[in-house]
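Enquirer: Please read through the structure below; I'll follow up with questions.
Each value in this text was obtained by applying a stated rule to the coordinates, not by laboratory testing. Computed from a predicted model, the values in this text were never measured in an experiment. Using ideal geometry, Cβ is built from the backbone for each residue, glycine included, and neighbour counts are taken over all protein chains shown.
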Amino acid sequence: MNPVDLYSVQFWWFVGIALLVMVPLASAAPKRWAFAGLNVAFLAIHVKPGEPESLLGILSGLVLAWLVLWASSKKSRLGLAAAVLGGLAVLSLFAVHKLPHAAPTYGAARLGTVLSGIGFSYVALRIVDAIRVLREGTHSPPDLPATINYLMPFHMLSAGPIQSYEEFATQPEVPAPLSAARALSAMERVSTGLFKKFVLANYLDRLFLTGFHASGPYFLFEVQINFVWLFLDFSAYSDVAVGLGTLMGIATPENFRQPYLARNVIEFWERWHTSLSRFIRRQLFIPAQLTFMRITDGRFPLLAASVAFTLSFVLCGLWHGISWPWFAWGVVQSAGLIICNIYRAALNRRLGRKGVSRYLANRWIRLAAIFVTFEFAAGALAVATYPYQEVSWWSTQTR
Amino acid sequence: MSPEQDVRLSAAAYALKTVWVAVQLILVYYLGQQGLLFFYQTF
């Protein structure tokens with residue numbers, strides 16, 4: 001598989017054709033089938049010449065996923081078995097995707113390349129989300145085109161967002177007609193995304209980033225710029241996806257809400273990569289917190305939240321990359337969230353409701369809080385992305 | 001912005017937005033391409 005390249009002429013030709021197909025369609029079934037056809041065509045275009053079996057593998061995987069989702073919705077033993085086996089299969093594929101160098105055979109290594117090409121990290125979370133919702137029985141299982149559209153929408157393939165199955169299932173089958181003003185606003189989202197990625201992020205990278213090879217004060221400066229660069233680059237993909245989704249009438253969730261204005265780590269995760277943080281809350285944090293509260297009869301709510309934060313964000317770190325730096329990132333993030341939660345509880349106890357309102361309204365405290373949150377997030381990112389393998393002490397210890 | 005959300009724009013806002021989209025795309029074309037060339041030459 002070739003990676004999705006927003007700068008390629010091929011991608012924008014495809015977008016043009018997709019808009020021509022999708023915009024005039026006004027009824028649900030043709031829209032669903034047409035979008036599924038476009039998504040499959042997009043996958044076919046991205047398969048390298050001479051590797052048709054990759055496309056066959058992806059399509060077989062999609063049919064298998066559809067069957068697993070359908071079976072998971074059943075309230076019988078078959079449903080439970082399908083959900084468990086589906087979950088295990090996703091976990092195994094995720095391991096191959098994240099550890100391609102550990103793949104024992106050539107076939108597994110190639111599977112890793114294909115999984116990278118389709119952005120399997122995102123696909124895996126969508127499958128898990130769908131299985132959970134279908135087990136709860138709150139929504140009906142998707143048909144084959146809907147499965148393709150949910151798991152591999154071409155405009156969300158490169159960098160998400162991770163749409164929840166609930167949001168996917170409840171979106172209107174036929175969106176409101178595309179007005180000129182909304183089309184223009186959507187085009188503005190796309191152009192802003194391209195501007196952020198190819199001009200702002202690109203030049204920030206060219207002018208200031210050294211891959212953390214600089215030392216002294218410049219290293220500290222680079223920690224800040226690296227974080228700003230990631231925001232510009234990553235949110236750019238989301239801008240393009242949201243804009244294209246609006247134009248095609250496909251609900252595409254927002255992923256960033258001015259994360260630099262967050263005044264604490266908890267709020268940061270409500271603003272940064274929100275589709276991922278909502279997934280973590282639904283699938284990891286709330287179940288873990290409730291389980292711990294049940295075990296302890298609700299006597300230690302702060303401890304329950306702390307355990308849930310640690311479990312959630314260590315796993316979140318490993319989702320980003322199965323490596324010690326990303327594990328450390330998860331530990332650092334959970335430590336920040338735990339401290340923030342304890343600080344919040346202490347403030348409430350000490351100042352009372354009115355006192356907390358005054359505290360929150362204080363402009364200087366707000367500025368200081370935003371600064372500290374920014375530094376924390378930038379530092380945590382540096383922990384995860386620092387090139388340890390190039391440092392002699394790390395190579396010696398991990399050899 | 002979701003496909004359901006309606007957007008109302010005045011004529012001036014409409015014109016400004018159009019210009020802004022065009023300016024951004026022109027900048028992407030010229031500056032982005034240079035950045036990309038740099039990327040490929042360097043790595």
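Enquirer: Select from region A:233-243 the residues that are surrounded by 21 or more Cβ atoms within 10 Å (Cβ to Cβ) and more than 11 Å from every other protein chain (Cβ to nearest Cβ) and list them in ascending order.
Expert: Matches in region A:233-243: A:S235, A:Y237, A:S238, A:V240, A:A241.
Enquirer: Could you say which residue among A:F11, A:F35, A:F42 is assigned to a helix (DSSP H, G or I) and under 23 Å from A:T170 (Cα atoms)?
Expert: Within the list A:F11, A:F35, A:F42, the selection yields A:F35.
Enquirer: Name the residue that is surrounded by the most Cβ atoms within 10 Å (Cβ to Cβ), counting only residues in region A:251-289 that are of a type in the set (S, T, N, Q) and farther than 18 Å from A:T373 by Cβ.
Expert: Only one residue fits best here, namely A:T252.
Enquirer: From (1) assigned to a helix (DSSP H, G or I); (2) under 19 Å from A:A81 (Cα atoms), pick out the condition that doesn't hold for A:P142.
Expert: (1)
Enquirer: For region A:352-392, what are the residues that are exposed (fewer than 14 other Cβ atoms within 10 Å of the Cβ) and hydrophobic (A, V, I, L, M, F, W, C)?
Expert: The answer is A:L360, A:A361, A:W364, A:I365, A:L367, A:A368, A:F371, A:V391.
Enquirer: Any residue in region A:246-260 that is assigned to a helix (DSSP H, G or I), more than 10 Å from every other protein chain (Cβ to nearest Cβ), in contact with a Pro (Cβ under 9 Å, 6 or more places away or on another chain) and under 30 Å from A:W364 (Cβ atoms)?
Expert: No; the residues of region A:246-260 include none that is assigned to a helix (DSSP H, G or I), more than 10 Å from every other protein chain (Cβ to nearest Cβ), in contact with a Pro (Cβ under 9 Å, 6 or more places away or on another chain) and under 30 Å from A:W364 (Cβ atoms).
Enquirer: Starting from residues that are part of a helix (DSSP H, G or I) and touching a residue at least 24 places away in the same chain (Cβ under 8 Å), keep the ones in region A:261-273 and report whichever is nearest to the chain's Cα centre (by Cα).
Expert: Quick first cut of region A:261-273, residues part of a helix (DSSP H, G or I) only: A:261, A:265-271.
Then drop every residue that is not touching a residue at least 24 places away in the same chain (Cβ under 8 Å), which leaves A:261, A:265-269.
Values: A:L261: 20, A:V265: 18, A:I266: 17, A:E267: 17, A:F268: 15, A:W269: 12 Å.
Among those that are part of a helix (DSSP H, G or I) and touching a residue at least 24 places away in the same chain (Cβ under 8 Å), it is A:W269.
Enquirer: Being buried (at least 20 other Cβ atoms within 10 Å of the Cβ) and either touching an Asp or Glu at 6+ places or on another chain (Cβ under 8 Å) or part of a helix (DSSP H, G or I) (or both) is true for just one of A:F292, A:F309. Which residue is that?
Expert: Working: A:F292 fails: buried (at least 20 other Cβ atoms within 10 Å of the Cβ).
After ruling out the rest, the residue left standing is A:F309.
Enquirer: Among the residues of region A:300-359, count how many are polar (S, T, N, Q) and either touching a residue at least 40 places away in the same chain (Cβ under 8 Å) or touching a Lys or Arg at 6+ places or on another chain (Cβ under 6 Å) (or both).
Expert: Of the residues in region A:300-359, 2 are polar (S, T, N, Q) and either touching a residue at least 40 places away in the same chain (Cβ under 8 Å) or touching a Lys or Arg at 6+ places or on another chain (Cβ under 6 Å) (or both).
Enquirer: Is there a residue in region A:145-156 that is surrounded by 21 or more Cβ atoms within 10 Å (Cβ to Cβ), in contact (Cβ under 8 Å) with a residue 60 or more places away in the chain, aliphatic (A, V, I, L, M) and under 27 Å from B:L9 (Cβ atoms)?
Expert: So far as region A:145-156 goes, yes, one or more of its residues are surrounded by 21 or more Cβ atoms within 10 Å (Cβ to Cβ), in contact (Cβ under 8 Å) with a residue 60 or more places away in the chain, aliphatic (A, V, I, L, M) and under 27 Å from B:L9 (Cβ atoms).
Enquirer: Of all residues being of a type in the set (S, T, N, Q) and farther than 18 Å from B:Y30 by Cβ in region A:172-225, which is nearest to the other protein chains (Cβ to nearest Cβ)? Just the residue, please.
Expert: At the first step, the residues of region A:172-225 found to be of a type in the set (S, T, N, Q) are A:179, A:185, A:191-192, A:202, A:210, A:215, A:224.
With farther than 18 Å from B:Y30 by Cβ added as a condition, the list becomes A:179, A:185, A:210, A:215, A:224.
Details: A:S179: 7, A:S185: 5, A:T210: 12, A:S215: 21, A:Q224: 21 Å.
Here the residue is A:S185.
Enquirer: Further, regarding this structure: Can you tell which of A:V96, A:V128 is in contact with a Gly (Cβ under 6 Å, 6 or more places away or on another chain), away from chain B (no Cβ under 14 Å), among the β-branched types (V, I, T) and assigned to a helix (DSSP H, G or I)?
Expert: Result: A:V96 is the single residue among A:V96, A:V128 that is in contact with a Gly (Cβ under 6 Å, 6 or more places away or on another chain), away from chain B (no Cβ under 14 Å), among the β-branched types (V, I, T) and assigned to a helix (DSSP H, G or I).
Enquirer: Out of A:I365, A:I295, A:I370, report the one residue that is free of Cβ contacts under 8 Å to residues at least 24 places away in the same chain, within 25 Å of A:L220 (Cα to Cα) and either among the hydrophobic types (A, V, I, L, M, F, W, C) or in contact with a Phe, Trp or Tyr (Cβ under 9 Å, 6 or more places away or on another chain) (or both).
Expert: So the residue among A:I365, A:I295, A:I370 that is free of Cβ contacts under 8 Å to residues at least 24 places away in the same chain, within 25 Å of A:L220 (Cα to Cα) and either among the hydrophobic types (A, V, I, L, M, F, W, C) or in contact with a Phe, Trp or Tyr (Cβ under 9 Å, 6 or more places away or on another chain) (or both) is A:I365.
Enquirer: While we're looking at this one, here's another question. Using the structure shown, decide if A:W13 is more than 25 Å from the chain's Cα centre (by Cα) and farther than 30 Å from B:I26 by Cβ.
Expert: No, not satisfied.
Enquirer: Consider region A:36-61. How many of its residues are under 22 Å from the mean Cα position of the chain (by Cα), crowded, with 19+ Cβ neighbours inside 10 Å and not small (G, A, S)?
Expert: 5
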